[in-house]
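Asker: One structure follows; several queries about it will come next.
Bear in mind that the values in this text are calculations on the coordinates, not laboratory data. Just so it is clear, the model here is predicted, and its values are computed rather than measured. Cβ placement follows ideal geometry from the backbone for every residue including glycine, while neighbour counts extend to all protein chains displayed.
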Amino acid sequence: MGETKKLMFRNQYLLTNKEIHLQKDATKICIGDFTLYFGNDIECYTIQKDDMQITLLGYVFHCYNDKKEQDLITNLFTLTESELLDEIDLWCGHFVLFIKDKDIKIYNDACASFKVFYGEQDGNKAVGSDPKIINTFFNFEEDENPEKLKFYQSDYFKRNNVKAGNETQYTNINQLVANHSLNSGTLNYHRIFPRKKRVEISEKESAKKIIPIFKNLTKNIHKRYNIYASITAGFDSRLSMAATKKIAKEITYYTFKFSNKTEDYIDYRIPKQITSKLSLKYILKPLISKLPEIEKQKILASYDSPRLKLFLQYFENFPKHKKENILMTGGGSEVAKNYLENVSIKNGKHLVRAIHFPDNTYLDKYYQNWLDKNKKLISDFDYNILDLVHWEQDITSFAGQNMHYAHHYTKIISIFNCTKVLELMLSVEKKKRDAKNPKFYKYLINKMWPELNNFPYNPSLKEKLILLFKKIKIYRAYKFLQIRLKSNG
């Protein structure tokens, strides 16, 4: 009997130089000595000119024009390497880009939402969207490092399923985190942002550059898709909503309704107030309480340690329209909000606590190495070390991972999932980007849709107390003690 053909799971891809056997409904493209396999639900564009081949999985919108994917990748053939990186910085979307010249260089979107995991075994290399798809055709085993096992078997990991940086629980399977590219020949990763020194600019200067980008992105997303736009009581979704003003009457705003929250919960009450006052279409979308067993098994077969509760949000999709649906969220905006506050980081343990991981010697060593490798470069370019570690850790493995999960059922996009947007937002002074009271966000909203600032932001008792503690200047001391003394396990 011949070898049983294995499945290419939904929303997954695999690039490998190993010969594998797949079912007929998967697509494959040869890229040099490698073959790219992917499910037919993924959009693909590929062009070859002489010895150079460029392949794109996913979808892209450009900051400044309305060109579609085929034209965007055609343009890449005309660019030098530095120009190419500058161009990719202008892409917003959900994508993995393979550029084959001598070796294959691999890039993904700013939030690393289209996942790239990679490893080598017995001379065969694998690059894929999840450790699960890689291990369907390979046999990577869990790492035997006791402290690493302790983390990946901990209650913390079982609750959150968040990987540590570019590592996984498997020996020799790594993750490509935000702001990096990968070489498929060597499986070496390379930092591609920041590449130049940060230049601080005023709110006004930044807004003049960012607002046209937001308007261009939302206009072109609307041209292609029927938009459902997420809104809560927070700043991220409010800023995203402000960018939709010109098309507001043509889209539907929504909030997911969790069964353990009453309809008076602030994340439901405030969106209702906003959309009612402005006469906009709004859905408070109840979630199913439990995934059907057959769906649960499909997800467990497709993703390594998935956060199952997140799939509840997308399982029963929104009503279909003539245009394909896309969900628009504020994901990734947190990068620019000084999310990890402003505390002094002296070593790996401090960094572990700053990103809210539990105390663990494996994590301490990993983040000490991260500091040793990255701190000088990031500081020399005048970026805040905590902003970058948050982007590359939390956004990659939480916000970015959530967007990847969503694509199991539906397309999703954030106008913040773009390096140029985040670079411009980070250019504003830090005190204007405070996580709990980001004045720059209010400034942008006021310029695009001022009425949205008439409604409160996160008016919970906890948030009010934090703002009070910040005002009387004791919150930073609390965070300092948390980093220095407290275990977050």
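Asker: Under the Karplus relation 6.51 cos²θ - 1.76 cosθ + 1.60, θ = phi - 60°, what is the ordered set of whole-Hz ³J(HN,Hα) values for the range 167-172, x standing for Gly and Pro?
Answerer: Result, rounded to whole Hz: 9, 10, 6, 9, 5, 6.
Asker: Can you give the charge dipole size of the range 186-227 about its Cα centre, rounded to the nearest 20 debye, using +1 on the beta carbon of Lys and Arg and -1 on the beta carbon of Asp and Glu? Walk me through the numbers on the way to the answer.
Answerer: Values: 12 positive and 3 negative charges, 32 e Å.
So the dipole magnitude of the range 186-227 works out to roughly 160 debye.
Asker: Turning to a different aspect of this structure: Please list the radius of gyration and Dmax for the range 81-139, considering alpha-carbon atoms only, with Å as the unit.
Answerer: My reading of the Cα-based Rg and Dmax gives 13.4, 39 Å.
Asker: Translational diffusion coefficient of the range 117-210 at 37 °C, 0.692 mPa s, Stokes-Einstein with Kirkwood Rh over Cα pairs, in µm²/s as a whole number.
Answerer: Reported coefficient: 207 µm²/s.
Asker: Of the options Leu76, Pro319, Ile395, report the single residue whose Cα projects farthest towards the positive end of the charge dipole of the chain (beta-carbon charges: Lys, Arg +1; Asp, Glu -1).
Answerer: Positive-end residue among those listed: Pro319.
Asker: Same structure again: Can you tell which of Tyr45, Asn160, Tyr170 lies farthest toward the positive end of the dipole of the chain, using +1 and -1 charges on the Cβ of basic and acidic side chains (Lys, Arg; Asp, Glu)?
Answerer: Value: Asn160.
Asker: If all Cα-Cα distances of the chain are sorted into 10 Å bins from 0 onward, what percent lands in each bin, rounded to whole numbers?
Answerer: Over the chain, the share of Cα pairs per 10 Å bin runs 4, 19, 30, 29, 15, 3, 0, 0 percent.
Asker: As I understand it, the dipole of the chain uses +1 on the Cβ of Lys and Arg and -1 on the Cβ of Asp and Glu, about the Cα centre. Which of Cys92, Ser259, Ile385 lies farthest toward its positive end?
Answerer: After comparing all options, I get Ser259.
Asker: Just how large is the dipole of the chain about the Cα centre, in debye to the nearest 20, putting +1 at every Lys and Arg Cβ and -1 at every Asp and Glu Cβ?
Answerer: Computed charge dipole of the chain: roughly 2460 debye.
Asker: If amide H atoms are built 1.01 Å from N in the plane of the peptide, which residues on other chains or at least 5 residues away come under 5 Å of the amide H of Tyr253?
Answerer: HN-HN under 5 Å from Tyr253: Ala229, Lys281, Tyr282, Ile283.
Asker: Oh, and also: Which value results when the Cα radius of gyration for the range 13-191 is divided by 2.2 N^0.38 Å? Working shown, then result.
Answerer: Numbers: Rg = 16.8 Å, N = 179, 2.2 N^0.38 = 15.8 Å.
Dividing the Cα radius of gyration by 2.2 N^0.38 Å gives 1.07.
Asker: Related question: Pairing rule first: another cysteine's C-beta must sit under 4.7 Å. Under that rule, which cysteines of the chain stay single?
Answerer: For the chain, the answer is Cys30, Cys44, Cys63, Cys111, because their Cβ atoms have no other cysteine Cβ under 4.7 Å.
Asker: Next question. State the antiparallel share, in %, of DSSP beta bridges confined to the chain, rounding to the nearest 5. Kindly include the intermediate steps, with their values, before the conclusion.
Answerer: Numbers: 49 of 67 bridges.
Approximately 75 percent, going by the DSSP bridge assignments.
Asker: Dimensions of the range 168-244 along principal axes (Cα, Å, largest first)?
Answerer: That gives 44, 34, 27 Å along the principal axes, largest extent first.
Asker: Under the Kirkwood approximation applied to all pairs of distinct alpha-carbon atoms, what is the hydrodynamic radius of the range 241-302 in Å? List each step's numbers first, then the result.
Answerer: Numbers: mean 1/r = 0.0725 Å⁻¹.
13.8 Å is the Kirkwood radius here.
Asker: Which whole-Hz couplings ³J(HN,Hα) result when phi for each residue of the range 221-232 is put into the Karplus expression 6.51 cos²θ - 1.76 cosθ + 1.60, θ = phi - 60°, listed in order with x for Gly and Pro?
Answerer: Here the 3J(HN,Hα) series is 4, 5, 4, 8, 10, 8, 9, 10, 10, 6, 8, 10 Hz.
Asker: For the range 13-191, what is the charge dipole size about the Cα centre, in debye to the nearest 20, if Lys and Arg each add +1 at the Cβ and Asp and Glu each add -1 at the Cβ? Walk me through the numbers before you get to the answer.
Answerer: Numbers: 18 positive and 28 negative charges, 77 e Å.
So the magnitude is around 360 debye.
Asker: Here's something else I'd like to know. Out of residues 5 or more away from Asn124 or on other chains, whose amide H comes under 5 Å of its own, with H placed 1.01 Å from N in the peptide plane?
Answerer: Sorted by chain and number, the residues that satisfy this come to none at all.
Asker: Under 9 Å from the Cβ of Ala110, count the other residues' Cβ atoms, weight Lys and Arg +1, Asp and Glu -1, and hand me the total. Mind dumping the intermediate values first?
Answerer: Values: positive: Lys420; negative: Asp89, Asp109.
Once positives and negatives cancel, what remains is -1.
Asker: Using θ = phi - 60° and the Karplus form 6.51 cos²θ - 1.76 cosθ + 1.60, what ³J(HN,Hα) does each residue of the range 152-157 get, whole Hz, x for Gly and Pro?
Answerer: With coefficients 6.51, -1.76 and 1.60, one gets 6, 9, 6, 4, 4, 5 Hz.
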